[in-house]
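Everything on this sheet refers to the single structure shown next.
The values are calculated or read from the model by the stated rules, or taken from the named source; none is laboratory data. None of these values were measured; they are calculated from a predicted model. All Cβ positions, even for glycine, are placed from backbone atoms using ideal geometry, and neighbour counts span all protein chains on display. Please note that ligands, DNA and RNA were not included when accessible areas were found on the heavy atoms of the full protein model with its side chains. Shrake-Rupley method; radii C 1.70, N 1.55, O 1.52, S 1.80 Å.
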Amino acid sequence: MPVVPNAVERLVMLRLNRAPGPVLDLVGGAAERALGLALELDLFAALEASPTSLETLAARVDCDPAGLEPLCEFLVALGYLRREADNGRYANTRLTEKWLLDADGVGAWLGFWNEVVFPFWEDNARTAIETGAPRQTLYEWLDEHPEQWRLAHEGFRAAANVLAPTVVEKLDVPGDARVIDVGGGHGRYAVALAERHAGVRATVFDAGPAREVALETARESGVSDRISFVAGDYTVDSLGENYDVALLFNVVHAHDGPENVALFERIRDALTPDGRLYVLDQFDGTARTALSRATVGFVGLTYLVTLGQRAHDVTDVAAWLTEAGFEVRDRHSFLTAPGVSLLVASPAN
């Protein structure tokens, strides 16, 4: 887990400024690297059955025991592993079991960052900051390395797993609604709606590399008969028509203002007159806590480095929706996803 200083450490390092607070970032950076390496080694999966000695664990993950021990000890200090006092065997903690190994955890999301995003960041961050954009976007890089697209969509799906049950509770969806999930990729949100409403039929509209994961998500949830996938470019290809609900989740950050207005207009044309559009993203201007402010700042920098874009201000997005012929009706935030907001809009009369 993230390194959390105790009360005395917070006082000395953060409030009184008597010790170097940036050391926390150094340890945090090392923690991310160690966690990523453990995921690459399938270390936590190797401990899933029962507590295991260092020698047996090392054999399972093909490492030298003397080399593996410092990694395990660091993971113990971070709260991902525990070491039994009587025999020294290692075991996963509840944190690891729930958030890294469970099917609804974020292990795949962290793996995607470790294997794809952060290496891309290292190659492009300085250029993006100095020039305002990376040499190429992350999506362009993925098109050149198509074998990594599945890892990306599995990572996006893992992130969505955490939020989807809460999000769908906020969606006012008729029980027999026709839904289009624009840029829906992995399909987790469309599937969550189909799970919640037995009559909902949803179309996931995205580029071809997402198809396999989206259909897999539907199949594993038992709603394949009500989920379809259409491959296309949502900026130019027809989205269809007469949808009751449109989802646009984690898409607007990839586009500038005019591009988003044009996309909103295309979605408006695909909706019924009394349809609803739900826009989910990390928006600037919505954060109220230290963690949410840091999260929005982090993703804003990430969008610059990976896409040459920004975390858009929520008032700008609302204005773009209005320009495109929508009326913004509501906005929701989520405790389980600091910095994430959901805008609710409908075609203006």
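Quote to one decimal, in nm, the extra length available between A77 and A348 on full extension: 0.36 nm per residue of separation minus the C-alpha distance between them.
Details: separation 271, 0.36 × 271 = 97.56 nm, distance 5.48 nm.
Length gained between A77 and A348: 92.1 nm.
So what is the relative contact order of the chain, in percent, for Cα pairs below 8 Å that sit 6 or more residues apart? Intermediate values should be presented prior to the final figure.
Values: 570 pairs, mean separation 42.7, N = 349.
About 12 percent, as a whole number.
A 1.4 Å probe over all protein chains sorts K170, K98 by accessible area into K98, K170, starting with the largest.
Given their separation in residues at 0.36 nm each and the Cα-Cα distance between them, R126 and T166 gain 10.7 nm when the chain is fully extended.
Charges only on Cβ, +1 for Lys and Arg, -1 for Asp and Glu: so what's the dipole of the chain about the Cα centre, in debye to the nearest 20?
On the way: 30 positive and 51 negative charges, 232 e Å.
So the magnitude is around 1120 debye.
Overall, region 153-303 carries a charge dipole of about 420 debye about its Cα centre when +1 sits on the Cβ of Lys and Arg and -1 on the Cβ of Asp and Glu, all other atoms neutral. Measuring only protein heavy atoms, the 1.4 Å probe finds D62 accessible over about 140 Å². The sum of -39500 (n - 2.57) across all DSSP H runs of n ≥ 4, divided by the residue count of the chain, sets its helix-only mean residue ellipticity at 222 nm to -13500 deg cm²/dmol. Once both labels are positioned 7 Å from their Cα atoms along Cα-to-Cβ, the gap between D104 and R331 label points is 2.9 nm. Evaluated at q = 0.07, 0.12 Å⁻¹, a Debye calculation over the C-alpha positions of the chain (equal weights, vacuum) places log10 I(q)/I(0) at -0.34, -0.96. For the chain, what is the accessible area per residue in Å² when the probe is 1.4 Å? With all protein chains present, the chain gives 49 Å² per residue. Rg over Rh for region 177-310 works out to 0.99, using Cα positions for both radii and the Kirkwood form for Rh. Note on E241 and D64: the model spin-label points, each 7 Å out from Cα along the C-beta direction, lie 6.9 nm apart.
Ordering V251, V106, G88 by the projection of their Cα atoms onto the charge dipole of the chain, which places +1 on the Cβ of Lys and Arg and -1 on the Cβ of Asp and Glu, puts G88 at the extreme positive end. With the convex hull drawn over the C-alpha atoms of region 7-100, the volume per residue is 119 Å³.
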